[in-house]
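Have a look at the structure below before the remarks.
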Amino acid sequence: MSSVILPTAHIMSSAENKVENSSTEEEERGKKRKMSLSSCGVCGSEEAKYRCPSCLTHSCSLPCVKKHKEVSGCSGVRNKTAFVTLSQFDEMALLSDYRFLEDTGRFADGATRDNLVQAPRVTVKSKKLASNARKMNITLRFLPITFSKSRENSTFFLTKEKLFLWHLKLLFPQSSSEFTQRRVSDKQTLKQILTSYIHPTESDPVTRQKLKMYVQARFDHVKVFMKVEGRKANSVRYHELDIEKSLRDNLSYKTLIEYPVLHVVLKDHWKDYPLKGPAKTDKVGQEKETATQVSPSPQRSPTTGETNISRTAQEMEPPPQKKAKRGDEEQEEQEEGEITDSSDEDDKNIPCD
């Protein structure tokens, strides 16, 4: 009679597996037993099988679930903002919070896009501002009202005084600071405007502390630039403004979008702000080398004996050049990198209110 001896390690592992399986089964049975201990909150006769994610009401079947929603008005949707204790916070709760934040961002973005589509391009106020700015040789353009730059614009025009009170933004790149000033009179000079920021004694102490590099620099080592609008992103150019002149004189014959944005730059960084250069025109034939021309000898006519000087002069005279159209001249004078905007003529037709 042969006896089979099993290894002790195999016996121990099988016993541990049985214990683990039995423990998991007991946990599942405990959950089911806990649910079955409560009766249906709708009919009250059957054992509960389901639980409402919103109000945690127990139900036994689909008809009871529907009846519960009709009677109580419960949506059956889990409250995503309900408080969860730290002991109950698991991976499912974390995933739920993450999806809730995604839905919130998607909803906000959709609402912004809808307003952008329905918003008008210009308003009565913007038409009036553009019309009065045009009388001062300033091209003023506006963004849709859903843009933050359009919403924060506080520019105002005084009709009786014929005065602009500009919404002005000042950028100090060497100190990584920017300031916004409201209702700035266009009669003020740039020097007067900058005095309240970088003057050693007359400026605000808190502002002076932020702009310490500008306060310590000499006033003639500070320049003010303004970006040229209507250019390509890879061809940015700037206007250099005169500090001694008024804001109106500096903005004359320039294009603005909503309001002026001025860059106050120290001397060591002037090279980082390339200026708008003169127009580049390529005219073929102007730079050719001038060769010495030998005039042909006057020929006598065999019949009359007169010299044919007038004929040779006409042959040597270059043909008359046709005058270019106005549109071609403007296209030749356009600087490289500048974007043509056909809305200039359309803005002229805007009625003044």
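The values are calculated or read from the model by the stated rules, or taken from the named source; none is laboratory data. These numbers come from a predicted model, not from an experiment. Counting neighbours? That spans all protein chains shown, and the Cβs are built from the backbone with ideal geometry, glycine included.
Tell me which residues, restricted to region 63-79, are of a type in the set (A, V, I, L, M, F, W, C) and touching a strand residue (DSSP E or B) at 6+ places or on another chain (Cβ under 9 Å). Passing the criteria: Cys64, Val65.
Looking only at residues of region 106-150 that are within 21 Å of Glu229 (Cβ to Cβ) and loosely packed, with under 11 Cβ neighbours inside 10 Å, we find that the one that is modelled with the highest pLDDT is Lys135. For region 88-206, the strands (runs of 3 or more DSSP E) that sit wholly inside it and include 1 or more residues that are free of Cβ contacts under 8 Å to residues at least 60 places away in the same chain and aliphatic (A, V, I, L, M) are 156-158, 163-172. Scanning region 62-81 for residues that are assigned to a loop (DSSP other than H, G, I, E, B) and surrounded by 10 or more Cβ atoms within 10 Å (Cβ to Cβ) turns up Cys74, Ser75, Gly76, Arg78, Asn79, Lys80.
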